[in-house]
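The values are calculated or read from the model by the stated rules, or taken from the named source; none is laboratory data. Just so we're clear, the structure is a prediction, and the values are computed from it rather than from any experiment. Here the Cβ is made from the backbone with ideal geometry for all residues, glycine too, and neighbour counts use every protein chain on show.
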Amino acid sequence: MRIDRFLSNLPRFNRQQVRLLLVERRVRIDGQAVNDPHAQVREFSRVEVDDEVLQAGRPARYFMLHKPPGCVSATRDAQHRTVLDLLGEPDKEDLHIAGRLDFNTTGLLVITNDGAWSRRLTQPQTKLPKVYYVETEQLITAEYAVTFARGLYFAFEDLTTQPAELTLLGPRSARLSIVEGRYHQVKRMFGHFDNKVLRLHRERMGPLLLDASLAPGQYRALSPEEIALI
């Protein structure tokens, strides 16, 4: 939001007062005095007028977790351990999960408090691939790749999935790249061939690759370079 709109939305300032505050450089965003009415106030910005804090701001936080099986992708659950239970971080209630995984699905999970950033990572419109390693009960044939590339119709949602890329790795194993995250999507795609998924592991989300040094249940903060990739 523009700083002039941010200040004008407060009941204490009218537009004329906002213009005067900016001209006199009495407004600071993240410690920097501003006089441009188009200067942007973001979710994590600290906004001050004179010595008064109008928006305290808070640090944006980004974590990569290697999700183990038997763990719920939720902020709280009455029966099961959640992925947030694995984090030794303060103020965990401010965090949310960017792209959930099923109870027994393992692999890359991203947790943050930056809603705009997580939407860029997960929304189908951005077409960032989500890459999974898959093991199945039955043989995987070349027909799967053709069908997935064409898209599958899901009657429950009344939609056709976007094209997905399947690479065969073995008779019953493959790597699947999708750009959506429909309910149980990967399992339902293989279910089209009556082939049960026995193991599902997410390796990558867009440019973010699961850190091979993280054991299941371990996590680390994303680097500034990783954050900037999204």
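Below are the figures for this structure:
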item	result
Residues (touching a strand residue (DSSP E or B) at 6+ places or on another chain (Cβ under 8 Å) and assigned to a helix (DSSP H, G or I)) located in region 148-159	148, 149
Enumeration of residues in region 1-28 that are among the aliphatic types (A, V, I, L, M), surrounded by 13 or more Cβ atoms within 10 Å (Cβ to Cβ) and either touching a Lys or Arg at 6+ places or on another chain (Cβ under 7 Å) or assigned to a helix (DSSP H, G or I) (or both)	3, 7, 18, 21, 22
Single residue of 41, 23, 18, 47 found to be free of Cβ contacts under 8 Å to residues at least 24 places away in the same chain and either closer than 25 Å to residue 95 by Cα or in contact with a Ser or Thr (Cβ under 7 Å, 6 or more places away or on another chain) (or both)	18
Residue match in region 81-90 (condition: exposed (fewer than 13 other Cβ atoms within 10 Å of the Cβ) and not assigned by TED's automatic domain parsing to the domain that holds residue 195)	yes
From the options 78, 145, residue that is in contact with a strand residue (DSSP E or B) (Cβ under 6 Å, 6 or more places away or on another chain) and of a type in the set (A, V, I, L, M, F, W, C)	145
Scope region 115-145; condition under 10 Å from residue 179 (Cα atoms), in contact (Cβ under 8 Å) with a residue 12 or more places away in the chain and either polar (S, T, N, Q) or assigned to a loop (DSSP other than H, G, I, E, B) (or both); matching residues	122, 126, 127, 128, 129
Odd one out for residue 62, checked against (1) buried (at least 16 other Cβ atoms within 10 Å of the Cβ); (2) over 30 Å from residue 223 (Cβ atoms); (3) in contact with an Asp or Glu (Cβ under 9 Å, 6 or more places away or on another chain)	(2)
Whichever residue in region 65-97 is basic (Lys, Arg) and modelled with pLDDT under 95 and, among such residues, is nearest to residue 220 (Cα to Cα)	92
